[in-house]
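Notes follow the structure.
The values are calculated or read from the model by the stated rules, or taken from the named source; none is laboratory data. Since we're looking at a predicted model, the values are computed, not measured. Methodologically, a virtual Cβ is constructed for each residue, glycine included, from the backbone with ideal geometry; neighbour enumeration extends over all protein chains shown. SASA here: full protein model, heavy atoms, side chains in, ligands and nucleic acids out. Shrake-Rupley method; radii C 1.70, N 1.55, O 1.52, S 1.80 Å.
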Amino acid sequence: MGGENSDHLALIRRWLAGEIVNNTVSIKIVGGPFNGRTKIVELSQAGLPPAGFRGRPGRAPGPWNPAAKHTYLAVRAPDTSAGWIYEYAKADTTTEG
């Protein structure tokens, strides 16, 4: 027992190392409440990551408004193993439902 679990962990380690496996890779997040984390994304047929994402910080430390949605955009970063980062763009504090 444990073989399937260790295979899964090995796959995650490969993604976190910036290796593209099954058209999926992890991308570092820079700035904002998610700074320093990674996001595992599936690449398009052209090898591009999703253009961006929005998220709420939840309980992330820092002076973040928990009601705000924070926008990150994919930016080319040749100095990273994945070749991309998600860079903090802005916070949307509108509370429209």
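A few comments on the model shown:
- Bridge type composition, the chain - antiparallel percent by DSSP, nearest 5: 85
- Most to least packed among 36-48, 63-75 [average Cβ atoms within 10 Å]: 63-75, 36-48
- Sum of side-chain charges, ALA51 neighbourhood, beta-carbon under 15 Å (Lys, Arg +1; Asp, Glu -1): +2
- Amide H contacts under 5 Å for THR80, placed H, 5+ residues apart: none
- Solvent-accessible area per residue in the chain equals 67 Å², computed with a 1.4 angstrom probe and all protein chains kept.
- Amide hydrogen neighbours beyond the local backbone of ALA89, cut-off 5 Å, H modeled: THR71, TYR72, LEU73
- Applying 0.36 nm per residue to the separation of ASN35 and ARG54 and subtracting their alpha-carbon distance, the gain on full extension is 5.5 nm.
- Percent RCO, i.e. relative contact order, over the chain, from Cα pairs under 8 Å lying at least 6 residues apart: 23
- Summarising the amide proton neighbourhood of GLY18: residues at separation of 5 or more, or on other chains, whose placed amide H is nearer than 5 Å comprise SER26.
- Farthest positive-ward along the chain dipole, Cα basis, beta-carbon charges - from VAL21, PRO78, ASN5: PRO78
- Answer label for P(r) over Cα pairs in 5 Å bins from 0, in percent (calculated), chosen among (1) 3, 13, 21, 19, 15, 13, 9, 5, 1, 0; (2) 2, 14, 27, 27, 20, 8, 2, 0; (3) 3, 12, 16, 17, 16, 10, 7, 6, 5, 4, 2, 1, 0, 0: (1)
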